[in-house]
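Chemist: Quick one: structure below, then a few questions.
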Amino acid sequence: MSLDPYKTLGVDKKADAAAIKSAYRRLARQYHPDVNPGDAAAEEKFKEISEAYDILSDEEKKREYDSLGRKAFYERGFGGAGYQRPDFSGAGFSFEEIFGDMFGGPRPGGRRRGGFSFGGPGPGRGEDLRSGLTISFREAALGSEAALDLNLPQSCPTCHGQGLVSAGGGVRPCPTCRGQGQVGRPQSLKVRIPAGLANGQKIRLKGQGGPGPGGGPPGDLLVEVTVRPDPIFTRQGRDLGVEQPVSLYEMLLGGTVSVPTLTGRATLKVPAGTQNGTRMRLKGQGLPASGREKAGDLYVTLKTVLPPRLDAEAADLAERLARAAPVSPETPK
């Protein structure tokens, strides 16, 4: 009978070698005959996951399976010979052999608890974990500190990350972590947001990831930051943009307007005769300088605000102005 190795290990076709290895290690702990003495169903399951791992952990076999598909792989793969199953009987596989093959040999001087030797894999680096954080536009622009509440894994205190405990001269899955070697622990982490952080950027928190197997160093936590849009500012690199309403009379006669900035307000001089949509620059009023990055600029787009409905007197003045200073919309002066 042929099997789908991806389905058997619970991984997809894009899974890398580390993910395949991790899935097999977890399932092997659960179904190994040493943990389930006399359980024929568990032994059969162990053979299946071992076969799946044999296929997916070997680049040539995996490539052949992906190319031919399940039926052809088993029947006529490898030049017509088909896939040849190794001997996956539980009697020939101890925990030390399984995990030694996967991680480069048993750990010398493995820790012994209750008469059972947890030789297993040597110390390894823990997995990198991922999380998300949403902050405001100004927090990202100016820099800030945010709290991130998570339930992060830690090495199980009962089995010390092994996933197994001794019981009646044998072994069984740890009742605390259910054989996973890890338990969740609520944590509140402080995340420093550097000034100028862009939407989608990641912040690495070293040592806050998954615990390292066999007492190895923990992995890192990668925090992907989502920046909420701002109702006032837009961003282009380190420069900012803002729309500023200006009255018709200020555009005609000139004047000064107060413009919002990240840290307050700034005064902008509007020359007489400025056209609607004119874009003006306030140097250094964009994102603040950071490291080797210079401060950005603030680009202000001026939008003319017209008076409301005109009464008879105002309409007469407007008509007189139109005659005195005619404007061609095609070529504004």
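Chemist: Among the numbered criteria (1) without any contact (Cβ under 8 Å) to a residue 24 or more places away in the chain; (2) over 30 Å from GLY286 (Cα atoms), which one does THR234 miss?
Modeler: (2)
Chemist: Next question, about the same structure. Out of all the residues in segment 179-188, is one or more outside the structural domain of PRO37 (by TED's automatic domain parsing), touching a strand residue (DSSP E or B) at 6+ places or on another chain (Cβ under 9 Å), at pLDDT 95 or above and farther than 15 Å from LEU287 by Cβ?
Modeler: At the first step, the residues of segment 179-188 found to be outside the structural domain of PRO37 (by TED's automatic domain parsing) are 179-188.
Filter again for touching a strand residue (DSSP E or B) at 6+ places or on another chain (Cβ under 9 Å), leaving 179-188.
Pick out the ones that are also at pLDDT 95 or above and you get none.
Within segment 179-188, none of the residues are outside the structural domain of PRO37 (by TED's automatic domain parsing), touching a strand residue (DSSP E or B) at 6+ places or on another chain (Cβ under 9 Å), at pLDDT 95 or above and farther than 15 Å from LEU287 by Cβ.
Chemist: Of the residues that sit in segment 233-248 and are at pLDDT 95 or above and of a type in the set (A, V, I, L, M), which one is farthest from THR263 (Cα to Cα)?
Modeler: Among them, the one singled out is VAL246.
Chemist: Out of all the residues in segment 277-315, which are at pLDDT below 90, closer than 21 Å to GLU250 by Cβ and surrounded by 13 or more Cβ atoms within 10 Å (Cβ to Cβ)?
Modeler: LEU310
Chemist: Same structure, new question: Would you point out which residue out of GLY286, GLY264 is touching an Asp or Glu at 6+ places or on another chain (Cβ under 6 Å) and under 17 Å from ASP239 (Cα atoms)?
Modeler: Details: GLY264 fails: touching an Asp or Glu at 6+ places or on another chain (Cβ under 6 Å).
After applying the criteria, what remains is GLY286.
Chemist: Let me ask something additional. Which residues, taken from segment 195-233, are polar (S, T, N, Q) and loosely packed, with under 14 Cβ neighbours inside 10 Å? Please lay out each step first, then the result.
Modeler: In the first step, residues of segment 195-233 are kept if they are polar (S, T, N, Q); the result is 199, 201, 208, 226.
Residue satisfying the conditions is THR226 alone.
Chemist: Could you name every one of the strands (runs of 3 or more DSSP E) located completely within segment 260-333 that has at least 3 residues being in contact (Cβ under 8 Å) with a residue 60 or more places away in the chain?
Modeler: 298-305
Chemist: For segment 138-152, name all the residues that are closer than 19 Å to GLY196 by Cβ and either within 19 Å of the chain's Cα centre (by Cα) or assigned to a strand (DSSP E or B) (or both).
Modeler: Step one: list which residues in segment 138-152 are closer than 19 Å to GLY196 by Cβ, which gives 138-146.
Passing the criteria: ALA140, SER144, GLU145, ALA146.
The values are calculated or read from the model by the stated rules, or taken from the named source; none is laboratory data. Given the structure is predicted, the values throughout are model-derived calculations rather than measurements. Cβ coordinates were reconstructed from backbone atoms using ideal geometry, including for glycine residues, and neighbour counts include every protein chain displayed.
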